[in-house]
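Chemist: Below are the structure tokens for one structure; questions will follow.
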Amino acid sequence: MIILKTTRQINGIRKSCRIVAYILSELKKAIVPGVTTNELNTMSEELCYGRGAIPAFKDYRGFPYSICASRNEEIVHGFSNDIPLVAGDILSIDFGVLYKGWYGDSAFTAPVGKISTETSRLMRVGKECLYRGIEAASAYRRVGDISNAVQTHAEKNNYNIVKGFVGHGIGKNLHEEPQVPNYGTSHTGYILKPGTVIAIEPMLTLGSSDTIILKDGWTTITKDRKLSVHFEHTIAVTEHGTEILTIRD
């Protein structure tokens, strides 16, 4: 069931999303050679509790950390650890909070120190895919328009979409209907009625889109061990336009 949100309810989600955006901005500043993802995880928790919010991912279906910290070939759901980041790495952080009954969710991929031109291009196109999807997410268009916009831009730039993970509705629950795939056909799927709040989250790979889930049961990597990027925003579709609720400064 798809739950449309009122203006008041969107305001509640917006407050959660602002906390997410603030914390991700702070984490991004801290991503430098030598830092560990365990340190970033601790930092996210301290900032979250300091804002009166609860980390959304910790203990969600048994996930043990507050951030998903996915490094290099890790696509999503990476576990934090004590291995220092090194220059040339890339790190994807997915993070969400629960604040006064409402969820917010966002993700980005950041460079660690200086990265290669090839890696920089992958990151740029991944972020562009997110914004192409957001541009397609206006009132009375369809989910398939988002999906197709993301897929078309990725494939035009010779990258592959990870098809095993999708965006989603969000509100009182972290994951709600509708699902928002990163591939598909325009003019198909759910009509984006005003009050629709969704998270759009493309994941692109430098090589094959085939994946492997590691023995921890969560961390998903590219089968060919090539790099992957992940970008996500929570957005609200209204009669007056589409708002990015997790926008960062």
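No lab work stands behind these numbers, since they all come straight from the coordinates. On a predicted model such as this, the values are computed, not experimentally measured, just so you know. Cβ coordinates were reconstructed from backbone atoms using ideal geometry, including for glycine residues, and neighbour counts include every protein chain displayed.
Chemist: Pop out the ³J(HN,Hα) list for the stretch 77-83 in order, Karplus 6.51 cos²θ - 1.76 cosθ + 1.60 with θ = phi - 60°, rounded to Hz; leave Gly and Pro as x.
Modeler: 6, x, 7, 5, 7, 9, 7
Chemist: Report, in deg cm²/dmol and to the nearest 500, the calculated mean residue ellipticity at 222 nm for the chain, where each DSSP H run with n ≥ 4 adds -39500 (n - 2.57) and the sum is divided by the residue count.
Modeler: Details: 4 runs with 71 residues, N = 249.
So the helix-based figure for the chain works out to -9500 deg cm²/dmol.
Chemist: Please compute the volume of the convex hull spanned by the alpha-carbon atoms of the chain and report it per residue in Å³. Spell out each step's value before the answer.
Modeler: Working: hull volume 27.9 nm³, N = 249.
In the chain, the Cα convex hull volume per residue is 112 Å³.
Chemist: Arranged by the count of other C-beta atoms within 10 angstrom, fewest first, what order do Glu118, Glu45 take? Provide the component values of the computation, followed by the final result.
Modeler: Numbers: Glu118 9, Glu45 17.
Ranking Glu118, Glu45 by Cβ neighbours within 10 Å, fewest first, gives Glu118, Glu45.
Chemist: A further question on this structure: Lys28: which lysines have alpha carbons under 19 Å from its alpha carbon, excluding same-chain residues fewer than 8 sequence positions away?
Modeler: Partners within reach: Lys114, Lys127.
Chemist: Here's another thing I want to ask about it. Could you work out how far apart the two model spin labels at Asn38 and Phe63 are, taking each label as a point 7 Å from the Cα in the direction of the beta carbon, and quote it in nm?
Modeler: 2.1
Chemist: How about Lys193: which lysines have a C-alpha closer than 17 Å to its C-alpha, ignoring those fewer than 8 places off in the same chain?
Modeler: Lys5
Chemist: Okay, moving on. Convert each backbone phi in the stretch 181-195 into a coupling constant with the Karplus relation 6.51 cos²θ - 1.76 cosθ + 1.60 (shift: θ = phi - 60°), then list the ³J(HN,Hα) values in order as whole Hz, x for Gly and Pro.
Modeler: These are the phi-based 3J(HN,Hα) values: x, 9, 8, x, 10, 4, 6, 10, x, 4, 7, 7, 6, x, x Hz.
Chemist: Residues with amide H under 5 Å of Ala56's amide H, sequence separation 5 or more or different chain, H placed in the peptide plane at 1.01 Å from N; which?
Modeler: Gly96, Val97, Leu98
Chemist: On to the next question. Per residue of the stretch 37-49, what does 6.51 cos²θ - 1.76 cosθ + 1.60 with θ = phi - 60° give for ³J(HN,Hα)? Whole Hz please, x for Gly and Pro, Karplus curve as stated.
Modeler: Working through the residues one at a time gives 6, 5, 5, 5, 4, 4, 4, 4, 5, 4, 5, 5, 5 Hz.
Chemist: Among Lys223, Lys163, Lys29, whose mean-square fluctuation peaks in a Gaussian network model of the chain (Cα, cutoff 10 Å)?
Modeler: Of Lys223, Lys163, Lys29, the Gaussian network model singles out Lys29 as fluctuating most.
Chemist: What number in nm² do you get for the stretch 32-179 if you take the convex hull of its Cα atoms and divide its surface by four? Please list the in-between numbers first.
Modeler: On the way: hull surface 38.6 nm².
Across all orientations, the stretch 32-179 yields a mean hull projection of 9.7 nm².
Chemist: Place the peptides 234-240, 193-199, 213-219 in order of packing, highest mean first, counting for every residue the other Cβ atoms within 10 Å and averaging per peptide. Spell out each step's value before the answer.
Modeler: Values: 234-240: 19.7, 193-199: 22.0, 213-219: 12.6.
Peptide ranking by packing, descending: 193-199, 234-240, 213-219.
Chemist: Right, here's the next one. Summing Lys, Arg as +1 and Asp, Glu as -1, what charge do residues with Cβ under 10 Å from the Cβ of Lys223 carry, Lys223 excluded? Before the final figure, lay out each step's value.
Modeler: Details: positive: Arg225, Lys226; negative: Glu73, Asp210, Asp224.
Charge balance in the 10 Å sphere: -1.
Chemist: Using a Förster distance of 25 Å, how high is the FRET efficiency between Ser25 and Arg121, based on the Cβ-Cβ distance and rounded to 0.05?
Modeler: Details: r = 24 Å, r/R0 = 0.95.
About 0.60, to the nearest 0.05.
Chemist: For Lys215, which lysines qualify as cross-link partners when the Cα separation must be under 16 Å and same-chain residues fewer than eight apart are set aside?
Modeler: Lys223
Chemist: Sticking with this structure for a sec: Let a ≥ b ≥ c be the square roots of the eigenvalues of the Cα gyration tensor of the stretch 198-249; is it rounded (a/c under 1.5), or, if not, prolate (a/b larger than b/c) or oblate? Let's see the in-between values first.
Modeler: Details: a/c = 3.26, a/b = 2.56, b/c = 1.27.
It comes out prolate by the Cα gyration axes.
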